[in-house]
1. Nearest 5 percent is fine: what portion of the DSSP beta bridges confined to the chain is antiparallel?
2. How large is the direction-averaged shadow of the alpha-carbon convex hull of the range 166-248, in nm²?
3. Can you order the peptides 324-331, 284-291 by their average number of other Cβ atoms within 10 Å per residue, highest first?
4. How much accessible area per residue does the chain have, counting only protein heavy atoms and a probe of 1.4 Å, in square angstrom?
5. Pairing the Cα long axis of helix 337-349 with the longest principal axis of the chain, what angle in degrees results, from 0 to 90 and rounded to the nearest 10?
6. Would you mind getting the Kirkwood hydrodynamic radius of the range 365-432 from its Cα pairs, rounded to one decimal in Å?
7. Report, to one decimal in Å, the Kirkwood hydrodynamic radius for the range 288-348 based on all distinct Cα pairs.
8. Roll a 1.4 angstrom probe over the protein heavy atoms and tell me the percent of accessible area of the chain that is carbon or sulfur.
Amino acid sequence: MYQEQLWWRHGIIYQIYPRSFKDSNGDGIGDLKGIIQQLDYLEWLGIRAVWLSPIYPSPMADFGYDISDYKQIHPIFGEMHDLESLLDELHRRNMKLILDLVPNHTSSQHPWFIESKSSKDSPKRSWYIWEDAKPDGSAPNNWLSVFGGSAWEWDEDTQQYYYHAFLKEQPDLNWRNEDVQKAMLEVMQFWLEKGVDGFRVDVMWHLIKDKQLRDNPLNPDFQERDANYNRLLPVYSTDQPEVHELVGQMRALLEQYQEKVLIGEIYLPIQRLVTYYGINSSGAHLPFNFQLLTLPWDAQQIAVAIDEYEGAIPENGWPNWVLSNHDKPRIASRIGGQQARVAAFLLLTLRGTPTIYYGDEIGMYDVPIPSDEVQDPQGLNMPGKNLSRDPARTPMQWNNGEFAGFSTVKPWLRVDKRFKRENVEIQKDNPYSMLTLYRKLIKLRNEEPTLQYGNYVPIFSDQQLIIYKRALEGYPTFLIALNLTPRPAYFKQQGKTVLKGEVILATTPETEGLSLEEEIYVGGDEALVIRLEKNKTVSAPVLNT
Ligand code: GLC
């Protein structure tokens with residue numbers, strides 16, 4: 001099989017936050033049966049794979065990212081049988097299932113940690129990172145928790161500290177211990193044997209820490225309004241050279257099966273990020289690329305970032321793009337509803353696997369959550385900094401019935417007030433809606449090999465525009481022109497070859513059918529896909545505004 005034909009290269013991934021997708025049993029929390037009920041919708045949309053945020057037993061201190069049993073299903077989401085049905089139903093539709101794997105830490109309620117904590121002599125003591133206090137009783141080093149405060153928790157009973165990069169209810173496993181490595185690979189194997197198609201590995205770059213536990217240096221750019229964690233640069237607590245050996249073990253396991261995918265959640269600058277592909281493709285298939293999620297929405301910066309990323313990906317490495325996830329503000333809330341339409345073009349026409357966060361396809365916004373309803377520990381631990389992730393995790397808006405068709409009772413998080421006019425049912429039939437736009441873009445991408453595997457050729461960028469070409473021998477070439485501002489923008493083709501073609505998809509459908517001339521203008525907040533005429537695409541011309 002050609003590399004290109006792998007499903008995770010050309011297919012689109014859709015992230016479901018299970019608590020908020022669809023509640024089938026009237027408890028206000030989404031569940032697996034609810035997801036099964038909505039699979040026809042995802043098939044209609046053209047999605048190839050579903051990534052589920054954690055569905056395992058958990059005390060829910062971090063909403064499932066604190067796992068107390070890696071091989072079971074939390075009763076609020078259903079039973080193992082429901083997961084198996086979901087897998088069958090997806091496979092029946094030629095769709096795939098990617099599970100979230102959280103190997104960096106367990107819940108403090110996991111039997112491994114309970115055992116480890118029971119005594120200094122416990123056979124599982126070294127499964128976690130236990131250290132003596134400094135002579136003055138303080139923590140072993142200055143490392144900070146991502147969720148605020150020190151990353152070390154004192155255990156009175158056994159008179160040692162344990163390390164937790166996130167909540168104290170999420171103790172970090174000691175990945176230097178081979179038994180831990182074996183245990184987690186065994187968990188992966190368990191799910192692979194059930195037929196799941198891959199994993200999204202939580203905080204992959206955190207997995208292993210400096211052996212000497214050296215202090216992290218101060219961050220010279222820290223500002224008081226930032227999260228406390230950013231006071232230090234996590235150079236010793238994350239992204240250690242040994243991590244690649246561990247990722248390599250995971251990859252090797254997946255290689256024993258057919259067409260499984262390993263995705264890594266990694267927030268690092270491009271040059272560090274691409275090391276997670278591993279030497280000779282021995283690492284993650286898709287180290288998540290969060291640039292569109294972290295960079296300012298600025299045409300020039302984004303154009304440069306795309307080029308840098310394209311240039312940094314190793315041979316045989318495959319790119320990927322993400323606009324939103326359950327940890328960051330939604331794209332519509334970051335850049336506005338009009339630009340979110342342009343962002344959809346970017347996500348779905350760049351080279352590389354796109355991941356869509358549930359609800360972005362109907363243009364969902366972050367929902368303001370009153371302080372007495374905040375549930376996210378990140379928001380609760382650092383009040384006043386607007387860091388709660390709840391706003392981006394609100395119930396999916398299905399229709400204009402009560403609670404937006406998500407549930408029959410008051411949901412765990414409030415629904416967007418505007419759900420009566422912004423929901424799947426209404427947008428399905430509206431030719432100008434975000435959903436229609438997403439569906440058309442997805443359809444085009446799924447039908448055009450050029451958009452799936454064609455080259456990315458940068459053509460032009462300035463303060464407003466990003467213009468690039470996608471080309472694949474033997475298939476039509478496409479020119480994509482995006483205006484990242486609300487003001488009209490112009491460019492004039494110069495040079496020997498003038499590109500000619502027809503607009504086949506646009507944020508403003510009235511533009512579709514127009515032909516590309518020497519000079520084209522792109523309206524404010526407009527994005528265009530132009531199919532180029534065959535014999536006019538010999539060389540990339542010099543373009544000037
Ligand atoms: C990842 C998850 C996030 C979670 C954290 C700790 O960043 O995406 O939701 O809180 O890991 O597990």
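The values are calculated or read from the model by the stated rules, or taken from the named source; none is laboratory data. What you see is a predicted model; the values in this text were computed from it and never measured. Cβ coordinates were reconstructed from backbone atoms using ideal geometry, including for glycine residues, and neighbour counts include every protein chain displayed. Quick note on the areas: whole protein, heavy atoms, side chains included, nothing else; ligands and nucleic acids left out. Shrake-Rupley method; radii C 1.70, N 1.55, O 1.52, S 1.80 Å.
1. On the way: 41 of 65 bridges.
Antiparallel: roughly 65 percent of the beta bridges in the chain.
2. On the way: hull surface 29.3 nm².
Seen from a random direction, the Cα hull of the range 166-248 projects 7.3 nm² on average.
3. Working: 324-331: 21.4, 284-291: 23.1.
Result, highest mean first: 284-291, 324-331.
4. On the way: 21840 Å² over 545 residues.
Accessible area per residue: 40 Å².
5. Orientation of helix 337-349: about 90 degrees from the principal axis.
6. Values: mean 1/r = 0.0774 Å⁻¹.
Radius from the Kirkwood sum: 12.9 Å.
7. On the way: mean 1/r = 0.0815 Å⁻¹.
One over the average 1/r among Cα pairs gives 12.3 Å for the range 288-348.
8. Details: 10520 of 21840 Å².
Reported share for carbon and sulfur atoms: 48 percent.
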